[in-house]
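Bear in mind that the values in this text are calculations on the coordinates, not laboratory data. Here the structure is a predicted model, which means the values were calculated and not measured. Here the Cβ is made from the backbone with ideal geometry for all residues, glycine too, and neighbour counts use every protein chain on show.
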Amino acid sequence: MRERLKSLEKKAETAIREAADLDQLKDLRVKYLGKKGELTTILRGMKDLSPEERPVVGGLANEIRTGLERWIGNKEEELKKAALTTRLEAEALDVTLPAAPPSLGAVHPISAVIEQIEDIFIGMGFEVAEGPEVESDYYNFEALNLPKEHPARDMQDSFYITPEILLRTHTSPVQVRTMEAKEGQVPVKIICPGKVYRRDDDDATHSHQFHQVEGLVIDRGIAMSELHGILAGFAEKMFGMKLETRLRPSYFPFTEPSVEMDISCIQCGGEGCRMCKNTGWIEILGAGMVHPRVLEGAGYDSERYTGFAFGMGPDRIALLKYGIDDIRHFYTNDVKFLRQFQSL
Ligand code: 2U9
């Protein structure tokens, strides 16, 4: 029995010394020291020993068990250290290695155009006002001289949430809210950028969600000349070139008189080309003198004060500025398309 214990000890120590990883070591512990382990098996033979021999063999067996436990413990530490070192080496960050170029995003072309429009008007003393995209029928239509059954409402087919609540179809309600908040005080000089919604089928020039930047100036003696002066100045700065502008009569329920402003074509300078459909002119915005009913409705005495308002589509200006022929490119998040604007 002693020999068997000794040779088991030798075999176990060798196996423990050569254990390659913690799993193998765990198996060795079970194999040698487990309930059904070899040491236990040998010790089952104890009953066959003489009473004198039992304590001697028993003592030796315990000695061997504690010895093997220590062996296994030390080997476990050693293997754990080795595993940690291997993992740390594997995870070691070679800071000298060139980092993968961070894939930087870029300002969306429409955001860039809106920011540029804001900078130009802020430079002309305008404040930026914003408001809710979910609007009441009153602020989106009635306050803008578009009473319930007014036909012009169909021009702006809307996403109604309830009969009284809809997704705003323009940012004009922001101007009305601002006028009310200013309680008839002048001057009012604001621009209102933001998302607007119209129940339209998306095509190359229409999107059910698009952007607008509208503006409003109210004070004493504001005339059409201010309107043309300020908007012509804006257009030159926006397209960064000397250009002609012209006002054509138009109609909006919330302005009277109403106009649309054209600029001389930024591509052909007015000679006529595909961009301006050979007219030499490109329409960039609509405007007009604020309708007295709209002024009165928002608490401004239309006898004492006059104002002009305007509205433009940054999406459309981005199409012109970057020579893009389909507005949907702006909304399909195609990174290949958007990467072109990295330098913006
Ligand atoms: C108030 C009074 C008047 C805002 C205006 C336009 C003309 C205009 C179009 C631009 C591109 C709509 O998205 S678009 O097609 N808008 O042409 N908007 S005057 O007039 C107002 C607004 C608020 C209180």
(request) May I ask you to list the aspartates and glutamates whose Cα is less than 17 Å away from that of Lys26, ignoring any residue fewer than eight positions away on the same chain? (result) Glu9, Glu13, Glu18, Glu38, Glu69, Glu76, Glu77, Glu78
(request) Would you give the gap between the C-alpha center of the stretch 60-124 and the C-alpha center of the stretch 128-162, rounded to a whole Å? (result) 53 Å
(message) Using alpha carbons only, how many angstrom separate the centre of the stretch 192-256 from the centre of the stretch 1-42?
(response) 88 Å
(message) Residue by residue through the stretch 181-193, what is 3J(HN,Hα) from phi via Karplus (6.51 cos²θ - 1.76 cosθ + 1.60, θ = phi - 60°)? Round to whole Hz and write x for glycine and proline.
(response) 5, 7, 6, x, 6, 10, x, 10, 8, 10, 10, 10, x
(request) Give the angle, between 0 and 90 degrees and rounded to the nearest 10, that separates the Cα long axis of helix 224-239 from the longest principal axis of the Cα atoms of the chain. (result) 40 degrees
(message) Give me a comma-separated list of calculated 3J(HN,Hα) values for the stretch 116-123, in order, Karplus coefficients 6.51, -1.76, 1.60 applied at θ = phi - 60°, integers in Hz, x for any Gly or Pro.
(response) 5, 4, 4, 4, 5, 6, 4, x
(request) Taking amide H positions as placed in the peptide plane 1.01 Å from N, state which residues far from Asp157 in sequence (5 or more) or on other chains have amide H under 5 Å from it. (result) Arg199
(request) State, in angstrom, two size descriptors of the stretch 257-298 derived from its alpha carbons: Rg to one decimal place and Dmax to the nearest whole number. (result) 15.3, 45
(request) Pop out the ³J(HN,Hα) list for the stretch 299-316 in order, Karplus 6.51 cos²θ - 1.76 cosθ + 1.60 with θ = phi - 60°, rounded to Hz; leave Gly and Pro as x. (result) x, 10, 6, 6, 7, 8, 10, 10, x, 10, 9, 8, x, 9, x, x, 4, 5
(request) Starting from the amide H of Gly194, placed 1.01 Å from N in the peptide plane, find each other amide H under 5 Å away whose residue is 5 or more places distant or on another chain. (result) Gln212
(message) Using a Gaussian network model on the chain with a 10 Å cutoff between Cα atoms, which of Glu271, Glu76, Glu130 fluctuates the most?
(response) Glu76
(message) Given points 7 Å out from each Cα along the Cα-Cβ axis, report the Lys31 to Ser302 separation in nanometres with one decimal.
(response) 9.9 nm
(message) Would any residue of the stretch 296-321 have its amide N under 17 Å from a label point 7 Å out along Cα→Cβ of Lys195? List them or say none.
(response) 314-316
(message) Looking at the chain as a GNM with Cα springs under 10 Å, which of Leu68, Leu247, Leu144 has the largest mean-square fluctuation?
(response) Leu68
(request) Rounded to whole Å and ordered largest first, report the semi-axes of the equivalent ellipsoid of the chain derived from its Cα gyration tensor (root of 5λ). (result) 86, 25, 18
(message) Helix-only estimate, please: 222 nm mean residue ellipticity of the chain, summing -39500 (n - 2.57) across DSSP H runs of length 4 or more and dividing by its residues, to the nearest 500.
(response) -13000 deg cm²/dmol
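Provide the convex hull volume over Cα atoms per residue for the stretch 93-231, in Å³.
On the way: hull volume 29.9 nm³, N = 139.
So the per-residue Cα hull volume is 215 Å³.
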(request) With everything on Cα atoms, drop me the angle between helix 2-17 and the longest principal axis of the chain, reported from 0 to 90° to the nearest 10. (result) 20 degrees
(request) Measure up Lys237/Lys336; Lys6/Lys35; Lys189/Lys321; Lys6/Lys81; Lys189/Lys277 against 24 Å on the Cα-Cα distance and list the ones that go over. (result) Lys237/Lys336; Lys189/Lys321; Lys6/Lys81; Lys189/Lys277
(request) Scan around Leu285 for amide H atoms under 5 Å from its own, H built in the peptide plane at 1.01 Å from N, and keep only partners 5 or more places away or cross-chain. (result) Met261
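If you stretched the chain out fully between Leu88 and Glu69, how much longer would it get, using 0.36 nm times the residue separation minus the C-alpha to C-alpha distance?
Gain on extension, Leu88 to Glu69, equals 4.0 nm.
Highest mean first, how do 278-285, 221-228 rank when packing is the count of other Cβ atoms within 10 Å averaged over residues?
On the way: 278-285: 17.8, 221-228: 15.0.
Order by mean packing, descending: 278-285, 221-228.
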